[in-house]
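Peer 1: Below is one structure. I have some questions about it.
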Amino acid sequence: MLVTKDLTKKYQDFTAVDKLNLTVKDGAIFGFLGHNGAGKTTSLSMLTTLILPTSGSATIDGFDVVKDNLQVRNLLGYLPENVMLYGDLTARENLQFFGKLSKVKDVNKNIDEVLNMLNFTEWTDKKVKTFSKGMRQRIGIAQAILHKPKILFLDEPTSGLDPQGTKDIRNILLKINAEWGTTIFMNTHLLSEVTKICTDIGIISHGKLLVSESLSNLKENFKDAKSLEEIYFSIEGGVNNE
Amino acid sequence: MSPMLVVIKKEITDALKNKLFLIILGMLLLLTIVSVVLGSYQVKVSLDSYNQSISFLKSLGKTTFPAAPNLNPLSSSKSFVNYIGLLGALLAMVLGNASVVKEKRSGTLKLILSRQIFRDTFLNGKVIGNMILLFAITFVTSIITLVSVVVISSAPISSGDIVRMFLFFLMSFLYMTFFLVLGIFLAVLIPNGNKALLITVIIWLVISFILPQIGDTMDMDNQLPGGFFSSMGMNKADTQKVLDHFKFYETTRDGIEQMSPTKHYERVGFALLNIKPGFEQNTALEVLSIKWIDVLGLLAPSIILWLLAYMVFLKRENIYQE
């Protein structure tokens, strides 16, 4: 589904992402882990065609993110961190706008289907500015999956949410993955979430990919570790101590 | 529906929900209606007074009558030039600024640009959507003016007058477009939306009030009420001879005025409306060709600012700097 080869992004002298080589399988829930400023958001921005790589390449379903960016945009759904949406518009009006931009044929039918899936139908005609953060995040996910993308990119989807909101989002993502077979690529630094939802993980630090494995393999390789947190710190700490 | 049309449609519906925009629009329309109705009424009073005089002379058995006063029905739009200079510019600036700032505040730019729309299409959609709004506003005001002049003043209005009036409103549209694009450009350039609006307003004050005021103050002919040269009993040729001695001074003064789109708008507007004497015998298109520098002065800055906004927006791929 997603393959990157030596994907690199430089800002003048600063290398935000350094030769990223990554493969995400079809139908996987991939957790991209790293500390703040590790290069997660920059990687995600390149994969969602928002910024151009300095060198290297990335393909989604065989389409190059630079050369075939329109086809790539058609395949992906994206939820950035802390999205606010248009506060003065209702949930439906927001979704109609984004649905039309994605050229969804029967927008209203898709909106009803998606809101039903997210158990959000009673809030459809309320203005987004009246929503809590958790509700806004749900509408954010709704706009990202409105055109039924093959791959869903999420940047810290549960950041700042209360435990109930976090659980709700987690269940929604599992549902999308199970019912539609959507591949999910999730930036996060919440290790507890990764263990509960992800099938595969990648760890990035200072722009370099340290590891990319299935969660089960990783646990197998670090048999002595009691938790993912321990695994994470032994990988990241090992590199930082070198 | 193409993505650009979706953006255009959203810009228009958003503006119609923007309270500040609606308040300024309401004031502009109200002032336009009041000024045009009063102007048209004044023309009607002059016309009625002339007709009464003719009837009176006829009743006295006179056969020769004084010539009809030079009634200019277009002059009823004179105040509109000032309202557009003030409120029209303000309206366009608010539209331009809000159009970009709302995306920054709602964090929606990334969502939009991850869809099947490119940065240039998105920016074009915003500019075109707001230009359609400004065009609709000037078109409605031109119809109000035309109807008021015809119905209230009862003054004869020729097809040439109608063309002049519509061209005048076209110039008003171009003038407002300049401030729209200025608002968009500065909002794209400056990360803080409020700061961008403040700087837009400061630039508006400079080019709309300060520069024309400097030009007027430096104008030798403005040093005495009624004109310095005419009070000295000098004709046009003599005046020119005097001015030839102050070529550098005059070029500087004119250069300062040329920097102001407001002055260009005023010059071409007053010529089209026959408020400035000397253009009565010209057709509307002849007036535009005589005043081409002013038309260019309205068009060129908008095109340059549009291109600059393009360059800044298309180049801005740094995700931390929407």
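The values are calculated or read from the model by the stated rules, or taken from the named source; none is laboratory data. The model shown is predicted, which means the values in this text are computed figures rather than measured ones. For neighbour counting, all protein chains shown are included, and Cβ atoms are generated from backbone atoms with ideal geometry for every residue, glycine included.
Peer 1: Within 14 Å of chain A (Cβ to nearest Cβ), at negative phi and among the aliphatic types (A, V, I, L, M): is that true of B:L314 in this structure?
Peer 2: Yes: the conditions hold for B:L314.
Peer 1: List the helices (runs of 4 or more DSSP H) that sit entirely inside the stretch B:1-114 and contain at least 2 residues that are among the hydroxyl-bearing types (S, T, Y).
Peer 2: Result: B:19-59, B:78-83, B:89-106.
Peer 1: Further question on the same structure: For the stretch A:153-162, state whether one or more residues are part of a helix (DSSP H, G or I) and in contact with a strand residue (DSSP E or B) (Cβ under 8 Å, 6 or more places away or on another chain).
Peer 2: The answer is no; no qualifying residue exists.
Peer 1: Run down B:Q281, B:Q258, B:Q223, B:Q240 and say which single residue is free of Cβ contacts under 8 Å to residues at least 12 places away in the same chain, surrounded by 12 or more Cβ atoms within 10 Å (Cβ to Cβ) and more than 14 Å from chain A (Cβ to nearest Cβ).
Peer 2: Of B:Q281, B:Q258, B:Q223, B:Q240, the one residue that is free of Cβ contacts under 8 Å to residues at least 12 places away in the same chain, surrounded by 12 or more Cβ atoms within 10 Å (Cβ to Cβ) and more than 14 Å from chain A (Cβ to nearest Cβ) is B:Q223.
Peer 1: Looking only at the stretch A:42-67, count how many residues are in contact with a Leu (Cβ under 7 Å, 6 or more places away or on another chain), among the polar types (S, T, N, Q) and under 18 Å from B:L314 (Cα atoms).
Peer 2: The number of residues fulfilling the criteria is 1.
Peer 1: Against the definition (within 11 Å of chain B (Cβ to nearest Cβ) and either basic (K, R) or out of contact with any Gly (no Cβ under 6 Å at 6 or more places or on another chain) (or both)), how does A:L85 come out, yes or no?
Peer 2: When the stated conditions are applied, A:L85 passes them.
Peer 1: Can you give me the number of residues within the stretch A:60-109 that are of a type outside the set (A, V, I, L, M, F, W, C), touching a strand residue (DSSP E or B) at 6+ places or on another chain (Cβ under 8 Å) and either assigned to a strand (DSSP E or B) or closer than 13 Å to B:V6 by Cα (or both)?
Peer 2: 4
Peer 1: Please verify whether the stretch A:59-81 includes one or more residues that are without any contact (Cβ under 8 Å) to a residue 40 or more places away in the chain, among the basic types (K, R) and more than 9 Å from every other protein chain (Cβ to nearest Cβ).
Peer 2: Yes: the stretch A:59-81 contains one or more residues that are without any contact (Cβ under 8 Å) to a residue 40 or more places away in the chain, among the basic types (K, R) and more than 9 Å from every other protein chain (Cβ to nearest Cβ).
Peer 1: Is it the case that the stretch B:46-60 has a residue that's of a type in the set (V, I, T), more than 14 Å from chain A (Cβ to nearest Cβ) and closer than 29 Å to B:P261 by Cβ?
Peer 2: Checking the stretch B:46-60: not a single residue is of a type in the set (V, I, T), more than 14 Å from chain A (Cβ to nearest Cβ) and closer than 29 Å to B:P261 by Cβ.
Peer 1: OK, next. Going by the structure shown, is A:D125 farther than 30 Å from B:A15 by Cα, acidic (D, E) and more than 14 Å from chain B (Cβ to nearest Cβ)?
Peer 2: So A:D125 fails the test.
Peer 1: How many residues are more than 18 Å from the chain's Cα centre (by Cα), assigned to a strand (DSSP E or B) and surrounded by fewer than 17 Cβ atoms within 10 Å (Cβ to Cβ) if we restrict to the stretch A:1-47?
Peer 2: The qualifying residues number 6.
Peer 1: Does A:L115 satisfy being farther than 17 Å from A:L152 by Cβ and either more than 14 Å from chain B (Cβ to nearest Cβ) or assigned to a loop (DSSP other than H, G, I, E, B) (or both)?
Peer 2: It is false that A:L115 is farther than 17 Å from A:L152 by Cβ and either more than 14 Å from chain B (Cβ to nearest Cβ) or assigned to a loop (DSSP other than H, G, I, E, B) (or both).
Peer 1: Only one of (1) within 14 Å of chain A (Cβ to nearest Cβ); (2) of a type in the set (D, E, K, R); (3) surrounded by fewer than 20 Cβ atoms within 10 Å (Cβ to Cβ) fails for B:E11. Which number is that?
Peer 2: The one condition B:E11 does not meet is (3).
Peer 1: How many residues are surrounded by fewer than 16 Cβ atoms within 10 Å (Cβ to Cβ) and either modelled with pLDDT under 85 or assigned to a loop (DSSP other than H, G, I, E, B) (or both) if we restrict to the stretch A:200-224?
Peer 2: Looking only at that region, the number is 5.
Peer 1: Hey, any hits in the stretch A:100-107 for a residue that's within 13 Å of another protein chain (Cβ to nearest Cβ), of a type in the set (S, T, Y) and either surrounded by 16 or more Cβ atoms within 10 Å (Cβ to Cβ) or over 20 Å from the mean Cα position of the chain (by Cα) (or both)?
Peer 2: yes
Peer 1: Sticking with this structure for a sec: Scan the stretch B:40-51 and give yes if some residue there is loosely packed, with under 12 Cβ neighbours inside 10 Å and under 19 Å from B:I128 (Cα atoms), otherwise no.
Peer 2: No, the stretch B:40-51 contains no residue that is loosely packed, with under 12 Cβ neighbours inside 10 Å and under 19 Å from B:I128 (Cα atoms).
Peer 1: Further, regarding this structure: Name every residue in the stretch B:284-299 that is without any contact (Cβ under 8 Å) to a residue 40 or more places away in the chain, surrounded by fewer than 19 Cβ atoms within 10 Å (Cβ to Cβ) and within 20 Å of B:D254 (Cβ to Cβ), in order of residue number.
Peer 2: Answer for the stretch B:284-299, where residues must be without any contact (Cβ under 8 Å) to a residue 40 or more places away in the chain, surrounded by fewer than 19 Cβ atoms within 10 Å (Cβ to Cβ) and within 20 Å of B:D254 (Cβ to Cβ): B:S289, B:I290, B:W292, B:I293, B:L296.
Peer 1: Can you name the residue in the stretch B:80-135 that is among the aromatic types (F, W, Y) and in contact (Cβ under 8 Å) with a residue 24 or more places away in the chain and is also nearest to the other protein chains (Cβ to nearest Cβ) among such residues?
Peer 2: Checking each candidate, the answer is B:F122.
Peer 1: Check the stretch A:129-151 and report whether any residue there is in contact (Cβ under 8 Å) with a residue 60 or more places away in the chain, assigned to a strand (DSSP E or B), touching a strand residue (DSSP E or B) at 6+ places or on another chain (Cβ under 9 Å) and more than 9 Å from chain B (Cβ to nearest Cβ).
Peer 2: yes
Peer 1: Do any residues in the stretch B:185-213 that are part of a loop (DSSP other than H, G, I, E, B) have Cβ atoms under 6 Å from those of residues that are among the aliphatic types (A, V, I, L, M), where the two are at least six apart or on different chains, and which pairs are they?
Peer 2: Partner pairs satisfying both residue conditions: B:I190/B:A196.
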